[in-house]
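Please read the structure below before turning to the comments.
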Amino acid sequence: MASWLPEILFEIVGQGKAPSKDYYQMLITRSQVIFRWWKISLRSGYQSTKPGEVKESHEDFRENSHLQIQIALVFGARILDYVFNLCEGRIDFLERLSDDLLTNIISYLGIEDIASLSLTSHRFSKLCTSDKLWEPIIEASGEITPAMKALAQDPSWRQKFFIRKLHLCKKQNQKSQADSQ
């Protein structure tokens, strides 16, 4: 993998499904999958159980169905798929970008593209509907007066933008109907 990637590509911790109190950690490094567990039990027979750890290379992990099943049980099938992609060198670089940088990139898209992007994931939905994105877009339109800015503190910036867009479309329709008569 590329050397500019951080040593740890992914890390997740979790607790086993009820009634288990066991804790789990998984680290995906550039070369290994590390799965750790801590058994937690009040039963006297299990109190002396020591923590465990499995370290596998990416290639060995892809062939270790027992470890894959454990990961799927603890963290879910979606996380297992993500780990598989990392082990095969398919890295989602957008996932690694900060929210601020993604918001800046999104601000260059058209309204229709922003609406489409918001449907792709929870993260993009949150970013595409945030006031942090819409406030500069609306202010850049140059039609915001101080009074409008004060009003915008109540509803969100995105809502204000679309209300204004609807009014403009309505006026254009009325004008085109009047011109055609």
**Message:** On the basis of being open to solvent by 30 Å² or more (accessible area, probe 1.4 Å), at pLDDT 85 or above and not in a helix (DSSP H, G or I), does Ile28 make the cut?
**Reply:** no
**Asked** What do you reckon, is Glu95 more than 18 Å from the chain's Cα centre (by Cα) and acidic (Asp, Glu)?
**Response** no
**Prompt:** For the subset of the range 74-84 comprising residues that are open to solvent by less than 30 Å² (accessible area, probe 1.4 Å) and without any contact (Cβ under 8 Å) to a residue 40 or more places away in the chain, which member is nearest to Gly16 (Cα to Cα)?
**Reply:** Gly76
**Message:** For the range 2-13, check the following and say yes or no: at least one residue is aliphatic (A, V, I, L, M), open to solvent by 90 Å² or more (accessible area, probe 1.4 Å) and under 30 Å from Phe124 (Cβ atoms).
**Reply:** yes
**Yes/no for Ile71 being open to solvent by less than 50 Å² (accessible area, probe 1.4 Å), among the aliphatic types (A, V, I, L, M) and either closer than 22 Å to Glu7 by Cα or within 16 Å of the chain's Cα centre (by Cα) (or both)** = yes
**Message:** Among the residues in the range 58-66, are any out of contact with any Cys (no Cβ under 7 Å at 6 or more places or on another chain), among the polar types (S, T, N, Q), in a loop (DSSP other than H, G, I, E, B) and surrounded by 15 or more Cβ atoms within 10 Å (Cβ to Cβ)?
**Reply:** yes
**Request:** Quickly run through the range 85-141 and pick out the residues that are under 30 Å from Ile8 (Cβ atoms), loosely packed, with under 11 Cβ neighbours inside 10 Å and among the aromatic types (Phe, Trp, Tyr).
**Result:** Phe93
**Request:** All but one of (1) in a loop (DSSP other than H, G, I, E, B); (2) more than 16 Å from the chain's Cα centre (by Cα); (3) not basic (Lys, Arg) hold for Leu119, so report the exception by its number.
**Result:** (2)
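The values are calculated or read from the model by the stated rules, or taken from the named source; none is laboratory data. Not measured: the values here are computed from a predicted model. Positions of Cβ are backbone-derived with ideal geometry, glycine not excepted, and every protein chain shown enters the neighbour counts. All accessible areas refer to the heavy atoms of the entire protein, side chains included, with ligands and DNA or RNA removed. Shrake-Rupley method; radii C 1.70, N 1.55, O 1.52, S 1.80 Å.
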